[in-house]
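Read through the structure below, which is laid out as structure tokens, and then see the notes.
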Amino acid sequence: CHELPTALLVTTALAYGRMSVAWGCVGILRACLAAATAHAAGREQFGRPLAEHQLVAGHIADLYTAEQVAARVCEHASRCWDEGSPDQVVATVLAKHVSATQAARGAATAVQILASAGSRDGHTVARAYRDAKLMEIIEGSNELCRLMLARHALSAAPGAP
């Protein structure tokens, strides 16, 4: 039986957890985008669909952008793991941090678009809003991820020890 070093087991377990959180955040963003676009297209305000109002359209664009950014960074981290890249750990931390941050902002944006409808118990957006905040905390808080990313960036700086 071949035993793996404890540090490797912990690092691998954390990486899998972070990837799960990151991809879960992409799911949160997709659910928020679907709910927000359906609501904005179907609800009328001042005689026209909510989606035709510039500020609402801007929120929809921000939500779409957040979903796309989170998905791309998760795809990159997944490729790094598949290829055994030396950057796989930092790519995973980056995916978790970016996706969780985007999910929290995206869920807040969806609540803004849906207004009181998005805060009702049982509504997809209400749950996403709550869950997205937790995603910023679990598997390494966003603050911890930022420290890890800063250390990585500083270690790659010219003249770094």
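Structure above, values below:
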{"item": "The stretch 52-95, residues that are within 14 Å of A110 (Cβ to Cβ) and of a type in the set (S, T, Y)", "result": "Y64, T65"}
{"item": "Any hit, the stretch 125-136, residues being modelled with pLDDT of 95 or more, closer than 24 Å to A13 by Cβ and in a loop (DSSP other than H, G, I, E, B)", "result": "yes"}
{"item": "Residues of the stretch 137-161 satisfying the condition of being under 20 Å from the mean Cα position of the chain (by Cα) and small (G, A, S)", "result": "G140, S141, A150"}
{"item": "Filter pass, T65 being modelled with pLDDT of 95 or more and exposed (fewer than 15 other Cβ atoms within 10 Å of the Cβ)", "result": "yes"}
{"item": "Residue in the stretch 59-80 that is over 14 Å from G24 (Cβ atoms), hydrophobic (A, V, I, L, M, F, W, C) and free of Cβ contacts under 8 Å to residues at least 12 places away in the same chain present", "result": "yes"}
{"item": "Residue list for the stretch 94-108, filter: in contact with a His (Cβ under 9 Å, 6 or more places away or on another chain) and either part of a loop (DSSP other than H, G, I, E, B) or surrounded by fewer than 24 Cβ atoms within 10 Å (Cβ to Cβ) (or both)", "result": "L94"}
{"item": "Sole residue being within 24 Å of A51 (Cα to Cα), over 18 Å from the mean Cα position of the chain (by Cα) and not acidic (D, E), chosen from A126, A117, A70, A107", "result": "A117"}
{"item": "Scan of the stretch 1-38 for residues that are more than 20 Å from G140 (Cβ to Cβ) and either among the small types (G, A, S) or modelled with pLDDT of 95 or more (or both), ordered by number", "result": "R30, A31, C32, L33, A34, A35, A36, T37, A38"}
{"item": "Filter result for the condition that a residue is surrounded by 13 or more Cβ atoms within 10 Å (Cβ to Cβ), of a type in the set (D, E) and at pLDDT below 95, over E139, E143", "result": "E139"}
{"item": "Neighbours by Cβ (under 6 Å, 6+ apart or cross-chain): first from the stretch 32-51, closer than 16 Å to A108 by Cβ; second at pLDDT 85 or above and among the acidic types (D, E)", "result": "L33/E67"}
{"item": "Checklist (1) in a helix (DSSP H, G or I); (2) surrounded by fewer than 16 Cβ atoms within 10 Å (Cβ to Cβ); (3) of a type outside the set (S, T, N, Q) applied to P86, failing item", "result": "(1)"}
{"item": "Extreme residue, farthest from the chain's Cα centre (by Cα), among residues of the stretch 84-104 that are at pLDDT 95 or above and farther than 17 Å from G17 by Cα", "result": "A104"}
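The values are calculated or read from the model by the stated rules, or taken from the named source; none is laboratory data. Being a predicted model, the structure only gives us computed values, none of them experimental. Ideal geometry is used to build each Cβ from the backbone, glycine not excepted, and the neighbour counts take in all protein chains shown.
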